[in-house]
1. Within the range 238-263, can you find the residues that are modelled with pLDDT of 95 or more, hydrophobic (A, V, I, L, M, F, W, C) and under 16 Å from Arg198 (Cα atoms)?
2. Among the listed residues Arg218, Arg185, which satisfies the condition of being surrounded by fewer than 23 Cβ atoms within 10 Å (Cβ to Cβ), assigned to a loop (DSSP other than H, G, I, E, B) and within 16 Å of the ligand (Cβ to nearest atom)?
3. For the structure I just gave you, tell me whether Gly86 is surrounded by 22 or more Cβ atoms within 10 Å (Cβ to Cβ) and small (Gly, Ala, Ser).
4. Which of the residues spanning the range 246-272 are part of a loop (DSSP other than H, G, I, E, B) and under 20 Å from the mean Cα position of the chain (by Cα)?
5. Since Ile65 meets every condition but one in (1) surrounded by fewer than 22 Cβ atoms within 10 Å (Cβ to Cβ); (2) more than 11 Å from the ligand (Cβ to nearest atom); (3) of a type outside the set (Asp, Glu), which condition does it not meet?
6. When only residues in the range 124-141 that are aliphatic (A, V, I, L, M) and at pLDDT 90 or above count, which is nearest to the ligand (Cβ to nearest atom)?
7. Is it fair to say Asp272 is in contact (Cβ under 8 Å) with a residue 24 or more places away in the chain and among the acidic types (Asp, Glu)?
Amino acid sequence: MADADKQQNGNLPYFDTSRPSIARTYDYLLGGKDNFAVDRTFGDRFINELPGSPVIAHDNRGALIRAVREIVTNTRVRQFIDLGSGLPTADNVHQVAQRYAPDAKVVYVDNDPIVLAHGRALLAENDNTTVIQADLREPKAIIEHPDTLRLVDFSLPVGVIFSATLHHVNDDEDPAAIVRFWSDRIASGSHVFISHFRSENDPRSQELEQVLQGSLGRGRWRTDDQILALFGDGFTIQEPGLVPAVEWRNDDAPDDLTDYQRLIAAVLAVKD
Ligand SMILES: C[S@@+](CC[C@H](N)C(=O)[O-])C[C@H]1O[C@@H](n2cnc3c(N)ncnc32)[C@H](O)[C@@H]1O
């Protein structure tokens, strides 16, 4: 998209190319092309300070793919709400879910306009999938959105995905209240997946938090207890609990993890 850095096509939503975007920087870390110079500069700064950043992004993505596969193959969940879905990449949630259950329905939500632009193109011929531009900190607007109401039957279990998103919600924005909003409205047997920056008392996590807060105004590395507390009451944590993302139900996980790989964790819980 380099040529588009200075150009805004009148048919596309406006993208602010003067500041890095989380979605575009993450795309850059994953090796994607849907990013601007400002995102690459920010991503490179991140890689300089945390050379394992691309590994963290890939580990996170791998855990998400395994979680969706596990949910669809082991349970009767056939509908997903992916909050902070990011730009389309390889093996998106609907592709993984529909591979095992062609009737699976997916509502993607992201507040970055570039996700909506690319998502619409990807999903043009998929009636069971939609992408909504909305802020996950305002869940009422998401649950009342006509596309959510069209695709999701809240009397049946749902898969709610917070993959690498709640660490972009600051403490004073009450991320636990966002999870609680959904847990109060989903049926028993619903699955909630969270992946999250994990501090593990590693001082680098505090330095990186300052980088993210300084550039984006958001980004929190939380302890394992703080991440688990996001679920609140009424959930049963599934095996293997909260673990580094690369280890989450991964038969091919390496025996020895790098320190970086310990800085992103994944966990799946079922509503009682
Ligand atoms: C690190 S990416 C993760 C993408 C994807 N969930 C994954 O795990 O591969 C975080 C995504 O969350 C989105 N995001 C961050 N804060 C958000 C908010 N308040 N509302 C909606 N989306 C948000 C960003 O735009 C970005 O696309």
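The values are calculated or read from the model by the stated rules, or taken from the named source; none is laboratory data. A quick note: this is a predicted structure, and the numbers were derived from the prediction, not measured. FYI the Cβ positions are ideal-geometry reconstructions off the backbone, even for glycines, and counts take in every protein chain you see.
1. Result: Leu242, Val243, Ala245, Val246, Trp248.
2. Numbers: Arg185 fails: within 16 Å of the ligand (Cβ to nearest atom).
Result: Arg218 is the single residue among Arg218, Arg185 that is surrounded by fewer than 23 Cβ atoms within 10 Å (Cβ to Cβ), assigned to a loop (DSSP other than H, G, I, E, B) and within 16 Å of the ligand (Cβ to nearest atom).
3. yes
4. Hits for the range 246-272 are Trp248, Arg249, Asn250.
5. (2)
6. Keep residues of the range 124-141 that are aliphatic (A, V, I, L, M), which gives 124, 131-132, 134, 136, 141.
When the remaining residues are screened for being at pLDDT 90 or above, the result is 131-132, 134, 136, 141.
Values: Val131: 11, Ile132: 10, Ala134: 7, Leu136: 4, Ala141: 11 Å.
Within the range 124-141, the match that is nearest to the ligand (Cβ to nearest atom) is Leu136.
7. On the way: in contact (Cβ under 8 Å) with a residue 24 or more places away in the chain: yes; among the acidic types (Asp, Glu): yes.
Yes: the conditions hold for Asp272.
Conditions tested, residue by residue: (1) among the hydrophobic types (A, V, I, L, M, F, W, C); (2) touching a helix residue (DSSP H, G or I) at 6+ places or on another chain (Cβ under 6 Å).
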site	(1), (2)
Ala134	yes, yes
Pro139	no, yes
Ile143	yes, no
Pro157	no, no
Ile161	yes, no
